[in-house]
Amino acid sequence: MFLMMFLLVVGAGCATETSYFKHEEEHFTETVDAIETDSQRFPMPIEETFIVSSPSPLALNENTISPPDAEQQDKTDQETLDSALGFCQVSNDFWEQGDLDNALDALDQAYSLILQVNPDQEPEFLQQRDDLRFTISKRIIECYSSRFTVANGDHKAIPLVMNKHVEKALETFKGKNRKFFLDSYRRSGRYRPFIVKALEEAGLPEELSWLPLIESGFKLRAFSRARALGLWQFIASTGYKFGLKRNRCIDERMDPEKSTRAAIDYLKELHQIFGDWATVLAAYNCGEGTVLRRIRTQRINYLDNFWDLYEKLPRETAFYVPKFLAVLHILNDPETHGFILPPVDERVRTEEVTIDRQVHLRKVAEHLGLPYQVLTDLNPALRRNFTPNQPYTLKVPEGKGSLLLSELSDIPVYHPPVPAYVIHKVRKGESLSVIAHKYRTSVRAIMAMNGRLRSARHIRVGWRLKVPAGRRYVSSQETPTSGSYSKTKGRLIKHVVRKGDSLWKIANRFGTTTNAIQSLNQLNSTHLRIGQVLIISSDRKDYTEMRTKVYKVSKGDSSYAIAQKHQMNLSEFLRLNHLTPRSTIFPGQRLLVQAE
């Protein structure tokens, strides 16, 4: 059990490099929409977790873990970290449903994966590993604390310094980046009101509300070369560390409200470490680990004068602080610096509706009589513009909530298209005929899909090949069992909170999630009081109207990889097949997956 190791990590105070280098306006022109379109044409490789080997009498116990084999060792560190992140998300799904045992088991699996990462890797990989280690430790404490969660800062303002570095930054905004500044300022009106309110509630300086201007230009889908995403430019592991979910359907780094709360938590943590805001801003940009390493080379009191540390920081990180201060100088006195500030965009007022069906925003827009773009702008966290197959809170313009509820039964369930091919990474000992047999296709079909293949006898380890996916999942001997789980008529019931109740226990009892209960009852926290009346949706929604078919497990498969291939969340796949994070699967085993 890794739990003792988790708990020891909590007090270790690991320094991590959390935000990566940020760039000027041109670096944010690539959007998630473009990336998603590109990923549909060239899908990312399928990540795996525990690789399946041939079954033996001792390996068929579903509650045991198979030892890693040679194929597992061939996985890249990035694939291992992505798999660990997947198990962290599964843990959260189980936790929200009150299944604490499986939540802890999933964290065990995640931790066992990050231990496999090469300790001599590049800093960005170690950054992700440390973020996940911290997240796992924190989640362990939350899981145990939730069992007992039942019904029963003084921060200084940011100094407005003016020196040669700030003057240089001012010149860039007056010159080549003037348009970027004005466009970003105009967009700020959509988001700054709730950012300022959140900062005030957290006791942080209001000036920090302008941080997204130099981070993302106030663009929700801004994507940097360091894979940082969203208004506040989180990388995936840091976002997850501060509670931002990411799976095949959603990426909460693009949710303005949720990412703002995560950024505030991160800024508060950094202020506790460094004590002054200039150093905090530098650490937000390049990670606290980088700043702490530079500090160790100092022989002066760096907290009294950040600018003595300035010359030792990476150039782009160092200039990040002057850029932020330059923005504040311009906003405090625009005329002095030659600016006439344009009117800001108005924030769209919205209301939230929790829906339990997988629907496409295009169909929702048609039923609400709205432009499609309006809904996609209000729900940027939906990566492919359709809701997940579980309760999800959708934002609609104010006054449209009741209309959506009345039209919901007429909006068709959306079934994502199955890609025409999957990406296979060639392993040692594989040939095209072996790969073709594994995917129930032909060597000729694989060669036709990969123009660079000149000979069926020449492939290299590490090559990524497109493999036709049309017949991958069904052998000639088996007939898919298509169908759906019966849908229980929706009904809302009242539950009176009793002594010993918690949101996790109630969610588990009624087959719902803590998020759904909180949304339905407009709860701001997980704390309950005895006698409190809650409205509960009693539907078992996890598999509502999910069409399924049989999948025969092949050698090299893993639960995570199978779920990814069939566009399912790992938690969906496990629950559908009555598996747990510790369950072992083996070649020849027949499992249910989502049909096309």
Residue count, region 363-385, condition surrounded by 14 or more Cβ atoms within 10 Å (Cβ to Cβ) and either touching a Phe, Trp or Tyr at 6+ places or on another chain (Cβ under 8 Å) or over 25 Å from L229 (Cβ atoms) (or both), comes to 5
Would you be able to say whether some residue in region 388-402 is among the aromatic types (F, W, Y) and over 30 Å from A448 (Cα atoms)?
yes
Within the set of pairs 6 or more residues apart or between chains, which connect a residue that is among the β-branched types (V, I, T) inside region 85-105 to a residue that is not in a helix (DSSP H, G or I) with Cβ atoms less than 6 Å apart?
none
Determine whether region 243-256 contains at least one residue that is of a type in the set (D, E, K, R), within 23 Å of Q390 (Cβ to Cβ), touching a Ser or Thr at 6+ places or on another chain (Cβ under 8 Å) and not assigned by TED's automatic domain parsing to the domain that holds C88.
yes
Can you list the strands (runs of 3 or more DSSP E) lying wholly within region 479-596 that have 1 or more residues being among the aliphatic types (A, V, I, L, M), modelled with pLDDT under 80 and not assigned by TED's automatic domain parsing to the domain that holds T80?
492-496
Filter result (assigned to a helix (DSSP H, G or I), more than 35 Å from the chain's Cα centre (by Cα) and small (G, A, S)) within region 426-444:
S433
Out of the residues in region 295-313 that are of a type in the set (V, I, T) and either in contact with a Cys (Cβ under 7 Å, 6 or more places away or on another chain) or in a loop (DSSP other than H, G, I, E, B) (or both), which is modelled with the highest pLDDT?
T297
Do we have S209 as of a type in the set (G, A, S), out of contact with any Asp or Glu (no Cβ under 9 Å at 6 or more places or on another chain) and assigned to a helix (DSSP H, G or I) here?
yes
Going by the conditions given, is V327 among the β-branched types (V, I, T), assigned to a helix (DSSP H, G or I) and over 23 Å from M162 (Cα atoms)?
no
Looking at (1) among the hydroxyl-bearing types (S, T, Y); (2) in a helix (DSSP H, G or I); (3) at pLDDT below 95, find the lone condition where S184 falls short.
(3)
Among the residues of region 304-341, which ones are aromatic (F, W, Y) and either more than 34 Å from the chain's Cα centre (by Cα) or within 19 Å of G189 (Cα to Cα) (or both)?
W307, F324, F339
Here, helices (runs of 4 or more DSSP H) confined to region 31-122 with at least 2 residues that are within 18 Å of the chain's Cα centre (by Cα) and at pLDDT 50 or above are 77-96, 100-114
Somewhere in region 372-384, is a residue of a type in the set (D, E, K, R), assigned to a helix (DSSP H, G or I) and over 17 Å from E407 (Cα atoms)?
yes
Filtered residue count, region 227-251, keeping only those that are assigned to a loop (DSSP other than H, G, I, E, B), within 28 Å of H415 (Cβ to Cβ) and of a type in the set (A, V, I, L, M)
1
Test result for H337, out of contact with any strand residue (DSSP E or B) (no Cβ under 7 Å at 6 or more places or on another chain), closer than 30 Å to V291 by Cβ and assigned to a loop (DSSP other than H, G, I, E, B):
yes
Filter result for E316 (in a helix (DSSP H, G or I) and surrounded by fewer than 16 Cβ atoms within 10 Å (Cβ to Cβ)):
yes
Selected residue (only one of E215, E206, E257, E288 is farther than 30 Å from L570 by Cα, acidic (D, E) and surrounded by fewer than 23 Cβ atoms within 10 Å (Cβ to Cβ))
E206
Quickly run through region 92-116 and pick out the residues that are farther than 30 Å from F510 by Cβ and either surrounded by fewer than 20 Cβ atoms within 10 Å (Cβ to Cβ) or of a type in the set (S, T, Y) (or both).
Y111, S112, L115, Q116
Which residues, counting only those in region 220-234, are at positive phi and touching a Pro at 6+ places or on another chain (Cβ under 9 Å)?
G230, Q233
Per the filter on region 213-233, residues among the aromatic types (F, W, Y) and under 17 Å from the mean Cα position of the chain (by Cα) are F223, W232
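The values are calculated or read from the model by the stated rules, or taken from the named source; none is laboratory data. In this text, all values refer to a predicted model and were calculated from it rather than measured experimentally. No Cβ is skipped: glycine too gets one built from the backbone with ideal geometry, and neighbour counts run over all protein chains shown.
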